[in-house]
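Enquirer: Below is the structure I would like to discuss, written out as structure tokens.
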Amino acid sequence: MDSYVVFGNPIGHSKSPAIHRLFAEQTGEQLTYTSLLAPLEDFDNCALGFFTSGLGANVTLPFKEDAYRLADRLTERAQRAGAVNLLSKLADGTLLGDNSDGEGLVRDLTINCGVTLKGQRILLLGAGGAVRGVLEPLLEQQPVSLVIANRTVDKAELLAQAFAELGPVAAAGFDWLTEPVDVIINATSASLAGDLPPIASSLIQAGHTVCYDMMYGKEPTPFMQWALEHGAAVALDGFGMLVEQAAVAFEFWRGVRPDTAPVLKTLREQMAAS
Ligand code: ATR
């Protein structure tokens, strides 16, 4: 049977197998999708071994840059992102690397959550791989401004320079910012440590500002809690982004787009009950 995997390390808690199995069930596609723990020092051999018979892989932390190097060809957006979360074996046996994280984020925000990005002031927190992967799709939405704020300001500046030709992007330190914005997206890994970036609560316009954390968990993340405490219109987590980037992969592999809404609902219910 056609086989697919998600590579990561650690990988035990990955929701990707559950998402793809629900997609397969819904669309009647015959496939297997499992998780594969790749050794930290040997991603290449592990991936190449899988692709002797496997057809496609999602790639999660910490291998997105390894996958970028391993791919024989890259989509333009993966090239710009410098990272690959989707590897696919093409008919000629070569490996195509793509990055669907940004499309997943934009689809979740705009379609699932009904948030308009065009003409909005967006603040993006962080300047690591997660931010690099979403900058191009966010700028395609034509925000009026996109500020990248990071603890290490130099990294934000480098990213702003690298993407300047795509839209109105600027860099800042967390403590430079006080004026309200329309959308705040947390792409730092601070939530992993139960922490949140030190930004001013005046960035939130009560009842108006949309706050989105790319992380997710059973409970609201510290950033989401902070957002709600300061009157954000809504605080969203990144689970929808995960499901949407999976749908992009599934459609590329199988030629059929799954309906993400029922899958999101089922998995959120399972998460709440676990
Ligand atoms: P990823 O690929 O998930 O983006 P990364 O490349 O290691 O991971 O980047 C992590 C990001 O989270 C960085 O922007 C980092 O800030 P620095 O560049 O200053 O290191 C940010 N980050 C991590 N922990 C943080 C914290 N406690 N407060 C604020 N920012 C934090």
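The values are calculated or read from the model by the stated rules, or taken from the named source; none is laboratory data. All of these numbers come straight from a predicted model, not from anything done at the bench. Because the Cβ atoms are built from the backbone with ideal geometry, glycine has one as well, and the counts that use them run over all protein chains shown. Protein only, heavy atoms only, side chains kept; ligands, DNA and RNA dropped before computing areas. Shrake-Rupley method; radii C 1.70, N 1.55, O 1.52, S 1.80 Å.
Enquirer: What is the ratio of the Cα radius of gyration of the range 102-239 to 2.2 N^0.38 Å, with N the residue count, to two decimals?
Expert: In units of the 2.2 N^0.38 Å rule of thumb, it is 0.93.
Enquirer: Could I get the Rg over Rh figure for the chain? Both from C-alpha atoms, Rh via Kirkwood, rounded to two places.
Expert: Over the Cα atoms of the chain, Rg/Rh equals 0.96.
Enquirer: Based on alpha-carbon centroids, what's the gap between the range 83-135 and the range 41-76 in Å, whole number please?
Expert: Going from one Cα centre to the other spans 18 Å.
Enquirer: Quick one: which residues, 5+ away or cross-chain, put their amide H under 5 Å from the amide H of SER35? H built at 1.01 Å from N.
Expert: Residues meeting the criterion, in which the H sits 1.01 Å from N, are VAL6.
Enquirer: Would any residue of the range 166-205 have its amide N under 16 Å from a label point 7 Å out along Cα→Cβ of VAL153? List them or say none.
Expert: Only 170-179, 198-200 fall inside the zone, counting backbone N under 16 Å.
Enquirer: Further question on the same structure: How big is the convex hull of the Cα atoms of the range 2-99, per residue, in Å³?
Expert: 95
Enquirer: Tell me, what ³J(HN,Hα) does each residue in the range 134-150 have, in order and in whole Hz, if you take phi through Karplus 6.51 cos²θ - 1.76 cosθ + 1.60 with θ = phi - 60° and put x for Gly and Pro?
Expert: 10, 5, 4, x, 5, 5, 4, 6, 6, x, 6, 8, 9, 9, 9, 10, 9
Enquirer: To the nearest 20 Debye, how big is the dipole of the chain about its Cα centre, given +1 on the beta carbon of each Lys and Arg and -1 on that of each Asp and Glu?
Expert: In debye, rounded to 20, the chain gives about 280.
Enquirer: Gain in length, GLN205 to THR27, computed as 0.36 nm per residue apart minus the alpha-carbon separation, to one decimal in nm?
Expert: 59.9 nm
Enquirer: When the Karplus curve 6.51 cos²θ - 1.76 cosθ + 1.60 is applied with θ = phi - 60°, which whole-Hz ³J(HN,Hα) does each residue of the range 222-239 get, with x for Gly and Pro?
Expert: x, 5, 5, 5, 4, 4, 5, 4, 9, x, 3, 4, 7, 10, 10, 9, x, 5
Enquirer: Of the peptides 191-202, 108-119, 5-16, 92-103, how do they stack up when ordered by the mean number of other Cβ atoms within 10 Å, highest first?
Expert: In decreasing order of mean packing, 191-202, 108-119, 5-16, 92-103 become 92-103, 5-16, 108-119, 191-202.
Enquirer: Can I ask one more? Would you pull out the residues with amide H under 5 Å of ALA171's amide H, same chain only if 5 or more places away, H placed 1.01 Å from N?
Expert: Under 5 Å from the amide H of ALA171 lie the amide H atoms of ILE148, each far enough along the sequence or on another chain.
Enquirer: Take the Cα radius of gyration of the range 166-266 and divide it by 2.2 N^0.38 Å, with N its residue count; two decimals is plenty.
Expert: 1.25
Enquirer: Another question about this same structure. Leaving ligands, DNA and RNA out of it, work out the accessible area of TYR68 with a 1.4 Å probe and give it in Å² to the nearest 10.
Expert: We get 70 Å² for TYR68.
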